[in-house]
Amino acid sequence: MTLAERETQVVERVPKQLFAGGTWRDARSGAVFKVEDPSTGSVLCEVADAGTEDGFAALDAAVAAQPSWAKHAPRERGEILRRAYELLMQRQDDLALLMTLEMGKPFAEAKGEIAYAADFLRWFSEEAVRIEGGYSLSPNGQARFLIMRQPVGPSMLITPWNFPMAMGTRKIGPAIAAGCTMVLKPAQQTPLSALALADILREAGLPEGVLSVLPTSDAGGVTEPLLRDGRIRKVSFTGSTGVGRKLLEQSADQVLRTSMELGGNAPFLVFDDADLDAAVEGAMQAKMRNIGEACTAANRLYVQSGVATEFARKLSERMGALKLGRGTEDGVQVGPLIDAKAREKVQSLVDDAVGRGARVLVGGSAGDGDGYFYRPTVLADVPQSSELSTTEIFGPVAPIISFDTEDEALAAANDTEYGLVSYLYTRDLNRALRVSEALETGMVGLNQGIVSNPAAPFGGVKHSGLGREGGTVGIEEFLETKYIGVGGV
Ligand code: NAP
C-alpha cells in the first residue's frame, strides 16, 4: 500500500459523527465542518458539527450514567483503561499517522504522543484501585471521623489541538478511574484523534453514556449552556489563558470545580557552569518538541554572558540542520504550524524583536510550500522589552537573552504573568536548588529539557492554571472528600 493510500485509509476508518449516549450519530442540525491538513491546506474530511441540542443530549446521557458508573467496581474501571491502553499501543502507527495528518507534527513525534497518551490510561488504570479514605477518633475522643472519596460527578472536558490525544487521555484517564461521567469537546482543528479515542474506549468496554465526544465549530455555544445548567459539576480545561478565564467566569454561576491547564512562557536558564552540550540538547527538546507549539516550550533562553556566544553558535547549528516538511515524509523533524494565523503571529513576534535590535542567526522566515511552515529560528541579543518575552511564541523560534548575575536571571525569568515550567542548567548543586526554589513555576526541568510524564504532577501557578494532572494527585481533581462525623463513642 502506498503512503497516500494509507493516509486515506486511516482517515476513512475514523467515525465522523458525534459520540453521545454510547452511539454514533449526526448532529441534530445535520451540520458538518471541515478538517484540514496544515501541511497542505487541503481538506481531509468533514465531521459532524455539534450544536447546543447535541450538548444537552450528551449531558443527559452523562447524568443518567453517573449513579451506576460511580458504583462500578474500581477494578473494572481500571481494566477498561488498561484495555484501552493496549489498543492504543497496538494501533500506534495508524493513530500517529492520523494525528500527523490533522495536526502536522512529524510522524515520529506523533508516535511518541500516542505512547505518552496511552501511558495516562495505564497510569490511571493503576490508580483506580487506590482511592483511599480515612478513619480516626476525634481529638476529644467523643466522635469518630469517617472520610470517604466520591466522584465529583458529570464533568466537562475541553482540550486543545496541540496534543490532540494526550490532552484527552490526561483528563479521561483520571475521570474514568474516579468514576465520573464526561462530555469531551475536542479542538475544532483536531477532532479526529478524539473520535478515534472514543471508539477505542467503547471497544474497551466503557459503558454507554460515560463518555460523549462533541466536535463543534461553536465551542462556546455548546459548552457554556452546559456549564450554566447545574448538572455538570466540574470543568477540566487545557488551552489558552484567555479562554480559561472565560470558563472560570462561566463556572462561577454554578460554583463548579475547575482544573485549568493554561498557557506558558517558560524561561530556560543556562549558567556559566553548565554542561554546555547538555544545555544545547535540552534547549532543542524544550524548544522544538511539537514544532514549538507546546505550553512547556522554552520561550526565553537566558544564557550567562560567559557562554552566550558559544551556546548561540551551537544551538544555531542544530536548529539550522533540522529538516522542515510534511510530517509524513521520512526524516522530517519540523512540521507546519497549525494555521496561517499562527504563522503570522510568529512572524510578527520575530519582526518586533528584530526591530528592537535582535539578530537573526538562523531562520527568521516562512518555509516553502502550501502548508503553514516556518523555519527553525534562533535570535541573539534579544532585548527583554521584546514582545516575545511576554507572549507565548508557539512556534520554532528560540530567542537568546544574555545575563550577568543569578539575581538578574531570576528576576527576568519570573517577570511574567505565567508560571507553568522553567528550565535550569547548572552543575552547582547549591545553585540548582536555590534557583529551583525561587522560580515561580509549577514545574522545573533541572538539567533536563522535558518535564512531561504521566507519573508526575503536571501544572502551573499564576496565570498558567489551577490544579495538577497526572501523578498521584491527578485523580484528586475528579474526587470530592466527604467527612462523616460518627457520634456515640
Ligand atoms: P484555545 O484557543 O484556548 O482552545 C482550547 C480549547 O478551548 C479548544 O477546544 C477550543 O475550541 C476551546 N474554546 C475556545 N473558545 C472557547 C469558549 N469560548 N468556550 C469554550 N471552549 C472554548 O487554545 P489552543 O489554541 O487550542 O491551544 C493552545 C493553548 O493551550 C496555548 O496557550 C497552550 O499553552 C495551552 N496549552 C496548555 C497546556 C497545559 O497543560 N498547561 C497544554 C497544552 C496547551 P475551538 O478549537 O473550537 O476553538
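Only the coordinates and a few stated rules stand behind these numbers; no lab work does. Keep in mind the model is a prediction, meaning the values are calculated, not measured. Quick reminder, even Gly has a Cβ in these numbers, built from the backbone with ideal geometry, and neighbours come from all protein chains shown.
So how much slack lies between D351 and R25, counting 0.36 nm per residue of separation and subtracting their Cα-Cα distance, in nm?
Numbers: separation 326, 0.36 × 326 = 117.36 nm, distance 4.68 nm.
That works out to 112.7 nm of additional length.
Placing dummy labels 7 Å off each Cα toward the beta-carbon, the span from Q384 to A455 is 3.9 nm. Label-to-label distance for A411 and A115 is 4.4 nm, based on points extended 7 Å past Cα in the beta-carbon direction.
Rounded to the nearest 0.05, what FRET efficiency do E310 and M89 give with R0 = 60 Å and r taken as the Cβ-Cβ distance? Could you check?
On the way: r = 41 Å, r/R0 = 0.69.
So, using R0 = 60 Å, E works out to roughly 0.90.
Annotation: for a label point projected 7 angstrom from Cα along Cα→Cβ of N447, residues of region 262-284 with backbone N closer than 20 Å are 268-284. Which residues in region 96-136 place their backbone N less than 20 Å from a point set 7 Å from the Cα of V486 along the Cα-to-Cβ direction? 131-136, by backbone N distance to the label point.
Output the 0 to 90 degree angle, nearest 10, between the alpha-carbon long axis of helix 241-252 and the longest principal axis computed from the alpha carbons of the chain. So the helix axis and the longest Cα principal axis differ by about 20 degrees.
In summary, the lysines within cross-link reach of K16, defined as a Cα separation below 23 angstrom excluding same-chain residues under 8 places away, comprise K34, K105, K111, K171, K185. Between helix 305-320 and the chain there is an angle of about 70 degrees, using the helix long axis and the longest principal axis of the Cα atoms. Each principal axis of the Cα cloud of region 164-318 was evaluated for its coordinate range; sorted largest first, these ranges are 59, 37, 30 Å. Entry note, the chain: relative contact order of 18 percent, from Cα contacts under 8 Å with a spacing of 6+ residues. The distance linking region 247-314 with region 438-468 is 10 Å (Cα centroid to Cα centroid, whole angstrom).
Normalised by the residues of region 371-489, what does the relative contact order come to in percent, with Cα pairs under 8 Å and at least six apart? Display every interim value, and only then the final one.
Numbers: 141 pairs, mean separation 20.7, N = 119.
17 percent.
How far, in degrees from 0 to 90, does helix 340-355 lean away from the longest principal axis of the Cα atoms of the chain, to the nearest 10? It is inclined by approximately 40 degrees. Near L361, the amide H atoms lying under 5 Å from its own belong to V378, L379, A380; only residues 5 or more places off or on other chains count, and H is placed 1.01 Å from N.
Contour minus end-to-end for T472 and D275, with contour as 0.36 nm per residue of separation and end-to-end as the Cα-Cα distance?
Working: separation 197, 0.36 × 197 = 70.92 nm, distance 3.24 nm.
Contour length minus Cα-Cα distance gives 67.7 nm.
Between L420 and N265, G442, V461, the built amide H atoms are under 5 Å apart, and every one of these is 5 or more places off in sequence or on another chain.
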